[in-house]
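Engineer: To start, I am sharing the structure in question, which I have written as structure tokens.
The values are calculated or read from the model by the stated rules, or taken from the named source; none is laboratory data. Keep in mind that what you see is a predicted model, and the values were worked out from it rather than measured. Cβ coordinates were reconstructed from backbone atoms using ideal geometry, including for glycine residues, and neighbour counts include every protein chain displayed. Side chains are part of the model used for accessible areas, which takes the heavy atoms of the whole protein and leaves out ligands, DNA and RNA. Shrake-Rupley method; radii C 1.70, N 1.55, O 1.52, S 1.80 Å.
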Amino acid sequence: MLVVGGMNLTGIAGNVKFDSNWNQGAGTLSFEYPADQLGVFQNGTTVSLTYNDSPVFYGFLMRTESDMDKRRCCCSDQIRYLQANGSLVREVEPLGRFVERAAAQIGDRLRIGTIENTELNLSRHRFDNKPYLDMILQSIAENEQLNGYHYTFYDRFGALTLTDTLNLRLPLVLGDNSLATGFSYTRSIDRDVYNVVKVVPESGAAVVKQDLESVAKWGKLILYQKESGKNAVQLNHAAETLLASKNREVQSLRIDAVGDTRVIGGSGVKVILGSVGISEWAVVKRATHQFGSNYTMSVELELGRFPLWQR
């Protein structure tokens, strides 16, 4: 059911598409309807989509394009408002607490849902004239460097949510004889792959970690990263965590499949594709759901990111 400003458009709406990205910004919903059947809704109007009583999207109308025949609407969830720039000091505090404070800077239209207790304190950092969303995503990345835990930040049908990505694993298999209708697969070491990590403090010696076996196979792929406010133990841990997360082939996989409303950016799904030797858990980087006479989805997946999932 597609509801815009309290009006049910399910019977006249077409080309209904929902996009969700993993820690890359707001979820978006687009749809169209005949221009001769309905006028133009005001920007900022609330929009919701459910499918077979399952919640899919809750957000706000951001743009309407009209011609002689159609009105085409584009909507975003509330994470869109976190693209506003500001300045904010992150104190020595856990990720979850900082997320709550950053979201509070926007005010009335943002509703906070479940923010998990992330426990570990991040270092103090001043963000100046930067989007609040970038502040949150940078803090998520720093938290992963410190303890290896990666969190997903998303809008859960109108409630900002921060959760351990592990909690988004689904009891779902995509691939051979299971929902998939097609796929495209690539293996690469050309982007975001490093087997030598140099973490450089403001003063003192750099911490260098490397994998000699990987260097022998691929040559030196060097990541140089500056750090501030960390002691020697923290620098060493940051270097080890970076090497563990970056010293692997990047595998790009897109699967076209029968739709499942539970699949969003950050979801974990089991992938089994015997023809290319894949049988493992993967993270959904982007999910595009297309609603119509046939409900389908296209998912872009990241493999090898969380080796502990494979146990």
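Engineer: May I ask you to list the GluC sites (Glu not before Pro) in segment 1-110 that are in a DSSP loop and have at most 16 other Cβ atoms within 10 Å of their Cβ?
Structural biologist: 91
Engineer: For 150, 237, what's the largest-to-smallest order of accessible area, 1.4 Å probe?
Structural biologist: From most exposed to least exposed: 237, 150.
Engineer: OK, next. Answer rounded, prolate or oblate for segment 186-263, using the Cα gyration tensor with square roots of eigenvalues a ≥ b ≥ c: rounded when a/c is under 1.5, else prolate when a/b is larger than b/c, else oblate.
Structural biologist: oblate
Engineer: Where the convex hull is taken over the Cα atoms of the chain, what is its projected area averaged over directions, in nm²?
Structural biologist: Here the figure is 18.4 nm², rounded to one decimal.
Engineer: In addition: Can you list which of the DSSP-assigned H helices in the chain have a Cα extent of 20 Å or more along the long axis and an average Kyte-Doolittle score of at least -1.0?
Structural biologist: TM-like helix candidates: 132-147, 232-246.
Engineer: A follow-up question, please. Which residue fluctuates the most in the chain, going by a Gaussian network model with Cα springs under 10 Å, if the choices are 191, 71, 156?
Structural biologist: Largest GNM mean-square fluctuation: 191.
Engineer: Right, here's the next one. Which whole-Hz ³J(HN,Hα) couplings does segment 165-170 yield from phi under the Karplus relation 6.51 cos²θ - 1.76 cosθ + 1.60, θ = phi - 60°, glycine and proline marked x?
Structural biologist: Whole-Hz 3J(HN,Hα) from phi for segment 165-170: 4, 4, 6, 9, 5, 10.
Engineer: Between segment 233-311 and segment 1-70, what is the C-alpha centre distance in whole Å?
Structural biologist: Taking the Cα centre of each part, segment 233-311 and segment 1-70 sit 27 Å apart.
Engineer: With only alpha-carbon atoms in the gyration tensor, what are the semi-axes of the equivalent ellipsoid for segment 68-142, in Å, largest first?
Structural biologist: Ellipsoid semi-axes (Å, largest first): 29, 14, 10.
Engineer: Please give me the summed charge of the neighbours of residue 226: other residues whose Cβ is under 11 Å from its Cβ, Lys and Arg +1, Asp and Glu -1.
Structural biologist: Result for the local shell: 0.
Engineer: Checking the table 17/130; 130/230; 198/270; 217/246; 217/270 against a 27 Å threshold on Cα-Cα, which pairs fail?
Structural biologist: Violating the 27 Å Cα-Cα cut-off are 17/130; 198/270; 217/270.
Engineer: Shifting gears a bit: Mind pulling the per residue volume of the convex hull built on the Cα atoms of segment 161-311? Å³ is fine.
Structural biologist: Expressed per residue, the convex hull around the Cα atoms of segment 161-311 is 144 Å³.
Engineer: Along segment 47-54, what does the Karplus equation 6.51 cos²θ - 1.76 cosθ + 1.60 (θ = phi - 60°) give for ³J(HN,Hα), rounded to whole Hz, x for Gly and Pro?
Structural biologist: Listing the rounded values in order: 9, 9, 9, 10, 9, 6, 6, 8 Hz.
Engineer: Oh, and also: How big is the antiparallel share of DSSP beta bridges in the chain, given as a percent to the nearest 5?
Structural biologist: In the chain, DSSP labels about 85 percent of beta bridges as antiparallel.
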